[in-house]
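Peer 1: Take this structure, written in structure tokens, and hold onto it; I'll ask about it next.
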Amino acid sequence: MQTDPEDLDALQARVRAGRSAFWANPDYRPAEDAEARRDLDRALADWAMLSPLLSRVFPELEASGGRIGSDLTPVADGAFGPLPGRILIKGDHALPVAGSIKARGGIFEVFMCAVSQARAAGLLGRDDPVTKLAEAKDFFARRTIAVGSTGNLGLSVGIAARALGYRCTVHMSNDAKPWKVERLRKLGVEVVLHEADYSAAVAAARAETARDPDGYFVDDEASELLFRGYSAAAAELAGQLDAMGIAVRPDKPLCLYLPCGIGGAPGGIAYGARAMFGAAAHSFFVEPQQSASALCRMAFDAPTVHDLGLSNRTEADGMAVATLSPLVRARMEQRLAGVCTVGDADMLRWVGTGAAQGLRLEPSATAGFAGPCHLMDSAAGAAFRARHMPGAAPEDITHIVWTTGGRFVPDAAHAAFLGTAAALPGDFDLPREVA
Ligand SMILES: *Cc1c(COP(=O)(O)O)cnc(C)c1O
């Protein structure tokens, strides 16, 4: 399907004007996906291999046997606005160990790296239990893990690396929150602050690690391991839906709304969802209006958000990313249903709505709430539904809003979000085109 060039022009004008937007991917092909299924099986096997070690290193994971997971919670009618269909929150804002969705990526990559370094050095033999690595601090202390981050990836990598005994350097961008920097420094992580954005922090981390023969770089812009770690979340979701008796079939479709920065977390989960649900699941990325990197790249082939006149400035620090990962772009070409954007004011308003429901969310964690509004209440969303879920009535759709971070936000910072939200003039900037 070709998108009408006039529609695309109108969309671009909306994006440039800093309004909320919805783009349906014209190349999207809902289908069974054997390649994704094979990769997901590998991800699940890796997580299962790591779980005894995770459980040993992080006491908070003992009860779950080393499983890092979050709750799936139905939203009370009307609590997040009037919407037809069923809305559930996948609460990664409360994930243990790292307090954000990065627990599924950063911790996975650091622990996979530890296993492969220990195997290569002969420290971990074929028949040794992986828990041996909980007592290998001297081995890891000679090695460094580095990462560039807007905050949350740095937190998860830093926490994981220090727990095993690695040295760790986190390069942070100018929008990193001071409490995240402080928390890392307390753990013994070296934090380097850059006067530039996320891409510059990543470039600096990459260059510095290349000079260190004992260094390992977690490359958020190109990491297969991060992507694989995230993908396993879809299997967890499938188990939870099944346990709740919620069917997922082409006539009972599942829509996922995934906050997107560089694309690894939402891309990995969307990929896993294809593996689990085939043509019955539709994944949407949701981005801040000023950091709409996936939208710029996939709809307009613009390499950075600056090419469309956007500032890349947003309160949603986990998503202040000007470019989309090339790896994610390639994997998502036919697998991504679409992208929608949301304004900072609305994300802050949802931090408030979430608090009223007992959820501690940071602004980036709330982006997904815009998704159901775009799909159900915009003309473009209605066109998407007519094309890709013709047999499903609005009440047949299950919406999964993926909340992505917030557990570690200090009380004072959370209160400041609420104060800002309460003082905002006006109302949500969301589509209301469909009666
Ligand atoms: C990192 C992050 C995202 C987006 O993940 P990417 O892999 O950067 O796309 C969304 N929400 C929060 C809270 C994050 O920390």
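Peer 1: Mind checking the full-extension length gain between L8 and D138? Use 0.36 nm per residue of separation minus the Cα-Cα distance, one decimal, nm.
Peer 2: Stretched fully, the L8-D138 segment lengthens by 41.1 nm.
Peer 1: Roughly how big is the chain's charge dipole about its Cα centre, with Cβ charges of +1 (Lys, Arg) and -1 (Asp, Glu), in debye to the nearest 20?
Peer 2: With Lys and Arg at +1 and Asp and Glu at -1, about 900 debye.
Peer 1: Related question: For region 100-112, take each phi angle, set θ = phi - 60°, evaluate the Karplus expression 6.51 cos²θ - 1.76 cosθ + 1.60, and give the result in whole Hz per residue in order, putting x for glycine and proline.
Peer 2: Residue by residue, region 100-112 yields 7, 4, 5, 4, 7, x, x, 5, 4, 5, 5, 6, 5 Hz.
Peer 1: For a Förster distance of 51 Å, can you work out the FRET efficiency between the beta-carbons of A393 and A222, rounded to the nearest 0.05?
Peer 2: Once rounded, the FRET efficiency stands at 0.80.
Peer 1: Right, next: Determine, for each peptide in 358-371, 194-207, the mean count of other beta carbons within 10 angstrom over its residues, then list the peptides with the highest first.
Peer 2: The peptides rank, most packed first, as 358-371, 194-207.
Peer 1: Please check which bits of region 261-293 a label hung off Q334 would reach, taking the label as a point 7 Å along Cα-to-C-beta and the cut-off as backbone N under 17 Å.
Peer 2: 271-283
Peer 1: Sort the following peptides by mean Cβ neighbour count (other Cβ atoms within 10 Å, averaged over residues), highest first: 233-244, 60-71.
Peer 2: The packing order, highest mean first, is 233-244, 60-71.
Peer 1: When the dipole is taken about the Cα centre of region 28-98, and only Lys, Arg (+1) and Asp, Glu (-1) are charged at their Cβ, what size is it in debye, to the nearest 20?
Peer 2: Dipole magnitude for region 28-98 comes out near 40 debye.
Peer 1: While we're looking at this one, here's another question. What does DSSP give for the chain in terms of the percent of beta bridges that are antiparallel, rounded to the nearest 5? Show your work: numbers first, answer last.
Peer 2: Values: 8 of 44 bridges.
Percent antiparallel among DSSP bridges in the chain is about 20.
Peer 1: Let me ask something else. By how many degrees, between 0 and 90 and to the nearest 10, does the Cα long axis of helix 379-388 differ from the longest principal axis of the chain?
Peer 2: 70 degrees
Peer 1: Using only the alpha-carbon atoms, how far is helix 233-243 inclined from the longest principal axis of the chain? Give it as 0 to 90 degrees, nearest 10.
Peer 2: That helix lies at roughly 60 degrees to the long axis.
Peer 1: Another question about this same structure. Please list 3J(HN,Hα) in residue order for region 422-434, calculated via the Karplus relation 6.51 cos²θ - 1.76 cosθ + 1.60 where θ = phi - 60°; whole Hz, with x for glycine and proline.
Peer 2: 5, 8, 5, x, x, 10, 3, 9, 10, x, 9, 8, 9
Peer 1: Please give the calculated 222 nm ellipticity per residue for the chain, where each DSSP H segment of at least 4 residues contributes -39500 (n - 2.57) and the sum is spread over every residue; nearest 500 deg cm²/dmol?
Peer 2: It lands at -13000 deg cm²/dmol.
Peer 1: Amide H to amide H, which residues 5 or more places from S100 or on other chains are under 5 Å from it, using H placed in the peptide plane?
Peer 2: Amide H neighbours of S100: L95.
Peer 1: Once both labels are modelled 7 Å past Cα along the beta-carbon direction, what's the D127-A48 spacing in nm?
Peer 2: 2.2 nm
Peer 1: Here is a follow-up. What is the local net charge at V434, summed over the other residues whose Cβ is closer than 14 Å to its Cβ (Lys, Arg +1; Asp, Glu -1)? List each step's numbers first, then the result.
Peer 2: Details: positive: R385, R432; negative: D377, E433.
Within the 14 Å Cβ shell, the charges total 0.
Peer 1: By how many nm would the segment from A203 to E182 lengthen if fully extended, with 0.36 nm per residue of separation less the alpha-carbon distance?
Peer 2: Extra length from A203 to E182 when fully extended: 5.3 nm.
Peer 1: If you don't mind, another one. For region 129-137, take each phi angle, set θ = phi - 60°, evaluate the Karplus expression 6.51 cos²θ - 1.76 cosθ + 1.60, and give the result in whole Hz per residue in order, putting x for glycine and proline.
Peer 2: Residue by residue, region 129-137 yields x, 5, 5, 3, 6, 5, 10, 10, 4 Hz.
Peer 1: Right, here's the next one. At 7 Å along Cα-to-Cβ for each site, give me the label-to-label distance between E60 and V434 in nm.
Peer 2: Reported label-point gap for E60 and V434 is 3.8 nm.
Peer 1: Using 0.36 nm per residue of separation minus the Cα-Cα distance, give me the extension gain between D427 and R249 in nm, one decimal. Spell out each step's value before the answer.
Peer 2: Working: separation 178, 0.36 × 178 = 64.08 nm, distance 3.54 nm.
Separation in residues times 0.36 nm, less the Cα-Cα distance, equals 60.5 nm.
Peer 1: Give me the net charge of V189's neighbourhood, meaning all other residues with Cβ under 10 Å from the Cβ of V189; Lys, Arg count +1, Asp, Glu -1.
Peer 2: Value of the local net charge: +4.
Peer 1: Students often check this: by mean Cβ neighbours within 10 Å, which of 105-118, 399-412, 31-44 ranks highest, and how do the rest follow? Mind dumping the intermediate values first?
Peer 2: Working: 105-118: 24.1, 399-412: 22.5, 31-44: 16.1.
Peptide ranking by packing, descending: 105-118, 399-412, 31-44.
Peer 1: Restricting attention to region 73-139, which trypsin sites (Lys or Arg not before Pro) occupy a DSSP loop and are surrounded by at most 13 other Cβ atoms within 10 Å?
Peer 2: R126
Bear in mind these aren't lab numbers, they're just calculated from the coordinates by the rules spelled out. These figures come from a predicted structure and were not determined experimentally. Here Cβ is always computed from backbone atoms with ideal geometry, including for glycine, and neighbour counts include all displayed protein chains.
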